[in-house]
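See structure below.
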């Protein structure tokens, strides 16, 4: 009897949780697979979820029957600010959210205003320590929980926020049964880099390492997937060094998992302290991961689940990639080890369960702190 009452109580609590996710276009694009898994998990738990995102935010990949998508602003002109806000609040009023969950820091002001207007608590997911001063003050004052994907990100945020406010929730994913890494002997080895091309200097050591690998007789192809202001310089380098047959540049393509299944090695070259959600998808597909040693993903252990390099050292990158190309058995073992890690620690069900617990505890804390 007690067990039945506990199950009923848990079910009632889940029904009372109605998260409103708020995010910007870039974060939605970057976290599209993770958000899709999250919304799938909410739907499986019969949690009514809604999202506020800018128009043209890759929402076609986030459509589920129980998820209400609100595009804001409808009129993208400063003069229509009040009209847009009034329309937004009216549409949100119909959904009756119980908590605001802001993904990324770009929309903290919007999330704050919605939480204040409807007198509901707010939490935020952050994947980087690079936060503007104004945003830090807003987050510290108005958001009850800061959700991070790794302990490294948590440690970097402790200089801005109290430790009690920061909590870790692993990004959930579905792991393929097969391992893509060198699964075919009839195709050239393939590597993929998925990121923004902001500064050419960040890519120059990698590009030089690739050039020397080809000079030494290694045959492979590399796909640079993304866009950014450094793309022109990268293309010029590729043309000048004769790497046109080795390196190709493509825009971000969907779904990521299908793209990754056709590759062998994922190169994570970003060392700016941001967590890379695309790496989760690559690892789930069974790619061997070569990553900058300053990455913030603790599960990338050198020689166990990945191989690490010094992103500023061309020779370090060269030797790391050469090791994976020459020792395919080792590469496949690393990829399988990482898949096993994700199965144990990054399941979608666990991510959803952890978030629902945070929502529930935050709502209770908010209610006790602000009684009617």
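Using a Förster radius of 35 Å, what is the FRET efficiency between residue 313 and residue 365 based on their Cβ-Cβ separation? Nearest 0.05, please. List each step's numbers first, then the result.
Numbers: r = 47 Å, r/R0 = 1.35.
So the FRET efficiency works out to roughly 0.15.
Give me the Kirkwood hydrodynamic radius of the stretch 196-281, using the inverse of the mean 1/r over all pairs of distinct Cα atoms, in Å to one decimal.
On the way: mean 1/r = 0.0722 Å⁻¹.
Computed over the stretch 196-281, the radius equals 13.9 Å.
Taking only Cα atoms and a 10 Å spring cutoff, compute GNM fluctuations for the chain and point out the largest among 200, 275, 260.
Evaluated over the chain, the most mobile residue of the options is 200.
If I compute Rg/Rh (Cα atoms, Kirkwood Rh) from the structure I just sent, which labelled value in (1) 0.97; (2) 1.11; (3) 1.00 lines up?
Given (1) 0.97; (2) 1.11; (3) 1.00, the structure-derived one carries the label (3).
Could you check the simple spin-label distance between residue 196 and residue 82, using points 7 Å along Cα→Cβ, in nm with one decimal?
Going by the 7 Å Cα→Cβ label model, 3.4 nm.
If the elastic network links every pair of Cα atoms under 10 Å, which of 157, 355, 315 fluctuates the most in the Gaussian network model of the chain?
Among 157, 355, 315, the largest mean-square fluctuation in the Gaussian network model of the chain belongs to 315.
Only Cα pairs within less than 10 Å get springs; with that Gaussian network setup on the chain, which residue of 339, 30, 163 has the largest fluctuation?
163
Can you give the helix-only mean residue ellipticity at 222 nm for the chain, where every DSSP H stretch with n ≥ 4 adds -39500 (n - 2.57) and the sum goes over all residues, rounded to the nearest 500 deg cm²/dmol?
So the helix-based figure for the chain works out to -14000 deg cm²/dmol.
Can you give the three extents of the C-alpha atoms in the stretch 190-345 along their principal axes, from longest to shortest, in whole Å?
The Cα atoms of the stretch 190-345 stretch 45, 30, 27 Å along their principal axes.
Taking 0.36 nm per residue of sequence separation and subtracting the Cα-Cα distance, how much length would be gained by fully extending the chain between residue 186 and residue 350, in nm to one decimal?
Net length gain for the segment: 55.2 nm.
How far is the Cα center of the stretch 129-150 from the Cα center of the stretch 324-364, in Å?
Taking the Cα centre of each part, the stretch 129-150 and the stretch 324-364 sit 24 Å apart.
For 159, 36, 364, what's the fewest-to-most ordering of other Cβ within 10 Å of each Cβ?
With the fewest neighbours first, 159, 36, 364 line up as 159, 364, 36.
Could you list the residues of the stretch 286-320 with an amide nitrogen less than 16 Å from a label point located 7 Å from the Cα of residue 333 in the Cα-to-C-beta direction?
What the label zone holds, given the 16 Å backbone N cut-off, is 288-289, 301-308.
Over the stretch 82-170, what number does the Rg to Rh ratio reach, with both radii from the alpha-carbon atoms and Rh per Kirkwood?
Values: Rg = 13.7 Å, Rh = 13.6 Å.
A ratio of 1.01.
Full extension from residue 322 to residue 241: what is 0.36 nm times the residue separation minus their Cα-Cα distance, to one decimal in nm?
Working: separation 81, 0.36 × 81 = 29.16 nm, distance 1.93 nm.
That pair, residue 322 and residue 241, stretches by 27.2 nm at full extension.
Sort 328, 96 by Cβ crowding within 10 Å, fewest neighbours at the top.
Values: 328 15, 96 12.
Starting with the residue having the fewest Cβ neighbours, the order is 96, 328.
Computed from the coordinates by the stated procedures, all read-outs in this text should not be read as laboratory data. Only a predicted model underlies this, so the values are computations on that prediction, with no experimental measurement involved. In this analysis, Cβ positions are derived from the backbone assuming ideal geometry, glycine residues included, and neighbour counts consider all displayed protein chains.
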